[in-house]
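Report on the structure given below.
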Amino acid sequence: MANILVIDDERSIRSTLADILSFEKYKVDVASDGREGLNAITSGKFDLVLCDIKMPEIDGMEVLRQVVASERDIPVVMISGHADIKSAVECIKFGAFDFIEKPIDLNRLLITVKNALDKGNLVAQTRTLKKKVENKFRMIGTSAGIERVRDLIARVAPTDARVLITGSNGTGKEVVARMIHAQSRRSQAPLVEVNCAAIPSELIESELFGHEKGSFTSAVKQRIGKFEQADGGTLFLDEIGDMSLAAQTKVLRALQEGEITRVGSEKSIHVDVRVLAATNKDLKAEIEKGNFREDLFHRLNVIPIHVPDLDERKDDIPQLIEYFAEQICAEQGIPVKSFDKKAVAALQKRSWTGNIRELRNVVERLIILSGATITESDVNMFA
């Protein structure tokens, strides 16, 4: 049940709104002025605030400013009997969800309340999902190799320098890219990922740069490419070493000129994109084989970051096991299982050719197949 706070210095308005909203199965609290309303917001938890503008001492605009400044993400609907366009615009400008005139139209009120609550729920869900994503893409460990990576990320993230992330499969190159984006000035803009190895060579240009309707047989409508989607943000080109030479040429032009051209078009489109690239291949060897453009390599390799293999950072395995155990048990909806010291030591002795990805799979297998405490015998049996 949604909890709504009504702030209005007119008792009749407070009572009427409380009755209407209570009838619609909302829980309603009331406040007779701005100060009382702000105290209620500070001490309580509300999903929506309906606030009059003209009130003594602390008026509705000041209430709105303080609610917005508190970053509580509570939608605020302003109400006024002295409505004009200027007041409405000012309210929206300062962060109000909507503006309603007195006398209040019942249908408009209920629709506005529903829409505001829907928005509040959406914001809460987005925040929860963001936390899950952030928790999923964390860099775990304190080994010297990982600390070097962290230090490089901290130095390069605030800049717009291009970064080439190298390392074996499963080492966490995507985590590095996400951390760079999260710590950059572009963090509020999109991070758009492209797995160059997963897209057929004949489609990679359309995927990156988009296409116009009718530019080829299956182009039944216009498509916006990843470069345009990432405008103002970050484009992460994963497995860049698998990109076709034709696409490499166009990517090089986009990096040099800050412009792209959709397939089937002659019009250049300006894009402001920071490019991060990752590969598990030796690009210098690929250049010698004629599979990768040397000029593109130098454009991408402004700041190189190498992510060490798990076998080079075995001291981090206990922390990784604990992190994965908490994460997996939460996903499975079961109490967190623990690993005894001998089980952890047995896992540290192993060679991890699949790196962190392989370790996570083994931890998940052990959690599913073992008891509350995972032992060395469980490791020998199931891992």
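Rule-based calculations on the coordinates, nothing more; no lab input. As the structure is a prediction and not an experimental result, all values here were calculated from the model. Cβ: placed from backbone, ideal geometry, glycine included. Neighbour counts: every protein chain shown.
Results, tabulated for the structure shown:
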quantity: Shape of the chain, Cα gyration tensor, a/c cut at 1.5; calculated: oblate
quantity: P(r) weight above 18 Å for region 1-150, C-alpha pairs, percent; calculated: 60 percent
quantity: About the Cα centre, charge dipole magnitude for the chain (Lys/Arg +1, Asp/Glu -1 at Cβ), debye; calculated: 620 debye
quantity: Ascending count of other beta-carbon atoms within 10 Å, so fewest first, for 329, 196, 51; calculated: 329, 196, 51
quantity: Whether region 171-219 is rounded, prolate or oblate, judged on the alpha carbon gyration tensor where a/c under 1.5 counts as rounded; calculated: oblate
quantity: Reference-scaled alpha-carbon Rg (2.2 N^0.38 Å with N residues) for region 137-308; calculated: 1.04
quantity: Cα-based reach from residue 281 at 22 Å (exclusive), listing lysines while leaving out same-chain residues under 8 positions away; calculated: 173, 250, 289
quantity: 222 nm mean residue ellipticity, helices alone, for the chain (DSSP H n ≥ 4; -39,500 (n - 2.57); rounded to 500); calculated: -14000 deg cm²/dmol
quantity: Distance from region 276-337 to region 55-106 (C-alpha centre basis), Å; calculated: 49 Å
quantity: Within-11-Å neighbourhood charge of residue 74 [Cβ basis; K, R +1; D, E -1]; calculated: 0
quantity: Rel. contact order, % - alpha carbon contacts under 8 angstrom, at least six apart, the chain; calculated: 13 percent
quantity: Highest average packing first - 208-219, 70-81, Cβ atoms within 10 Å; calculated: 70-81, 208-219
quantity: Relative exposure of 381, 61, 243, 1, judged by other C-beta atoms within 10 Å (fewest first); calculated: 1, 381, 61, 243
quantity: Cα-based shape type of region 56-120, given that a ≥ b ≥ c are square roots of the gyration tensor eigenvalues and the cut on a/c is 1.5; calculated: oblate
quantity: Within straight-line cross-link reach of residue 267, aspartates and glutamates at Cα separation under 19 Å, skipping those fewer than 8 residues along the same chain; calculated: 205, 207, 212, 228, 231, 257, 259
quantity: Label point distance in nm, residue 353-residue 185, each placed 7 Å from Cα along Cα→Cβ; calculated: 4.6 nm
quantity: Derived scalar couplings ³J(HN,Hα) [region 274-279; Karplus, 6.51 cos²θ - 1.76 cosθ + 1.60; whole Hz; x for Gly, Pro]; calculated: 8, 9, 10, 10, 9, 7
quantity: Percentage relative contact order, region 287-380, counting C-alpha pairs under 8 Å, at least six apart; calculated: 30 percent
quantity: Using a Förster distance of 25 Å, the FRET efficiency for residue 22-residue 121 (Cβ separation, nearest 0.05); calculated: 0.80
quantity: Separation in nanometres of the label points that stand 7 Å from Cα toward Cβ, at residue 65 and residue 15; calculated: 3.4 nm
quantity: For the chain, with +1 on Lys and Arg beta carbons and -1 on Asp and Glu, the positive-most of 7, 270, 247 along the dipole; calculated: 247
quantity: Positive dipole terminus of region 62-215, leading residue within 85, 122, 168 (C-beta point charges); calculated: 168
